[in-house]
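The values are calculated or read from the model by the stated rules, or taken from the named source; none is laboratory data. All figures in this text were calculated on a predicted structure; none of them were measured in a lab. Note: ideal-geometry Cβ built from the backbone for every residue, glycine included; neighbour counts use all protein chains shown.
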Amino acid sequence: MTIPLVVGVDGSEASLEAVDWAADEAVRHGVPLHLLHAAARDHEASDVIEAASERVRKGARTVRLSNEVLHEDATAALLGKGRNAFALVLGSRGFGDLAGMLLGSVSLAVAARADCPVVVVRGAAEHRDTRFGSVVVGVEEGEGSGTAVQFAFREAHVRHCRLVAVHAWSAPLGAPASPRAPSAYVPEVRRRPPARVLDDALRGASERYRDAPVHRRVIEGPARQALLEAAAEADLLVVGARRRRGHLGLQLGLINHAVLHHAPCPIAVVPRI
């Protein structure tokens, strides 16, 4: 049995936008779509889940659809379903979040702790409707981006669009502002040239997904700014997250927190396997 794409539903406009996005995503990947609503025991939830289900039936008639209401905490319910999900899809804000919040508390908590990829659906309609023909993936030094790169290539493949791979770097303090800084400036660690970091990260997946055109961007400067600028012309931004040693959940880091709150398009947080 194919594991489903799971979308959290609470009746808010943001969650309905997530339902629309998830329905299209399920069709692209040929996977079932499962709608999940977590409600207090004394709350009538049938109207919420039925309205979302009807929305899917009208917009994506071919998708295999199921739904469920769980009477438990929303974060716990979503994390439980995420143990056996293709991905979790969430709106950027729900009914319970304070006005002015850039990202809802449930979405942030799930993105930081899920075992599967989490997509937070953000941005205006033009960024949610695949109008740009571009998937952006952030690539960092080390091995933290491997699973995210595979995810991003697969998304570009099913969308028949280009992949923009972004690696941002900063020269060590005191080093010349050049990607070919002499190794004498980094005696403790032998750093690879930024272009090689990017090439090494993309090599395996690019051989598997040969039909996805890849645009490489090596940028000297803050990663947060580089990713947000690239996402301004993207349908999806993909970032990786490491496991925290000795703790439950992921290491989102400052960059991932920033793009989760400010990305102009849907953003996928992909745990490192």
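If you go through the stretch 1-28 and keep only what is under 16 Å from the mean Cα position of the chain (by Cα) and farther than 19 Å from H127 by Cα, you end up with L5, V6, G8. Can you report the number of residues in the stretch 205-224 which are part of a helix (DSSP H, G or I), touching a residue at least 24 places away in the same chain (Cβ under 8 Å) and of a type outside the set (A, V, I, L, M)? Final tally of qualifying residues: 3.
For the stretch 225-273, filtering for residues that are assigned to a strand (DSSP E or B), modelled with pLDDT under 95 and closer than 21 Å to P194 by Cβ leaves 2.
Residue-by-condition table, conditions (1) touching a strand residue (DSSP E or B) at 6+ places or on another chain (Cβ under 7 Å); (2) at pLDDT below 90; (3) within 28 Å of R210 (Cα to Cα); (4) assigned to a loop (DSSP other than H, G, I, E, B):
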{"position": "G142", "(1), (2), (3), (4)": "no, yes, yes, yes"}
{"position": "F153", "(1), (2), (3), (4)": "yes, no, yes, no"}
{"position": "V158", "(1), (2), (3), (4)": "no, no, yes, no"}
{"position": "V166", "(1), (2), (3), (4)": "yes, no, yes, no"}
{"position": "S178", "(1), (2), (3), (4)": "no, yes, no, yes"}
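Look at the stretch 105-128: where a residue is at positive phi and a partner is part of a helix (DSSP H, G or I) and among the aliphatic types (A, V, I, L, M), sitting 6+ places away or on another chain with Cβ atoms under 9 Å, you get G123/A231.
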